[in-house]
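Data block below; observations after.
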Amino acid sequence: MKISYIKYKKDTKSFKIPKLLGMEVFEIEDPEKIDNKIKELKEQNYTSIIITNEIASFSNDLINKYKRDNKINIIITPNKRIND
C-alpha cells in the first residue's frame, strides 16, 4: 500500500506530522493541477491519497472519476486554520 499527501504549496500548516515522519507530502503550486497530480500518483500505484479540502475543491475528477474506483482511496481532510 502506497500512501501520499497532497497540499497547496502556500499551506504551511497542513500535514506537518506526516512530513516529519518521512511520508510523501506533495506540494502543488497551482491548485488547478490537482487532477493531473492524482492521475500521476494513481499511475505510480498509490492506493491512498490524502488531500486538503482546499485542494479538493479544484478537482473535477474526484467525484466523476474516482468515486467508484476500487483501486484508489481519496481522503479529504480539513485545512488547518491560518490563525491556529
Sort 5-13, 71-79 for me by packing, meaning the mean count of neighbouring Cβ atoms within 10 Å per residue, highest on top.
5-13, 71-79
Kirkwood radius from Cα pairs of the chain plugged into Stokes-Einstein at 20 °C, 1.002 mPa s, gives D in µm²/s equal to 166 µm²/s
Long-range HN-HN contacts of residue 14 with modeled amide H, under 5 Å
80
Which residues' amide hydrogens lie under 5 Å from the amide hydrogen of residue 26, considering only partners 5 or more residues apart or on another chain, with H built in the peptide plane?
5, 6, 7
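Quick note: the coordinates plus some simple rules give every number you see, no bench work behind them. All figures in this text were calculated on a predicted structure; none of them were measured in a lab. Every residue, glycine among them, receives a Cβ derived from its backbone with ideal geometry; neighbour counts consider all protein chains shown.
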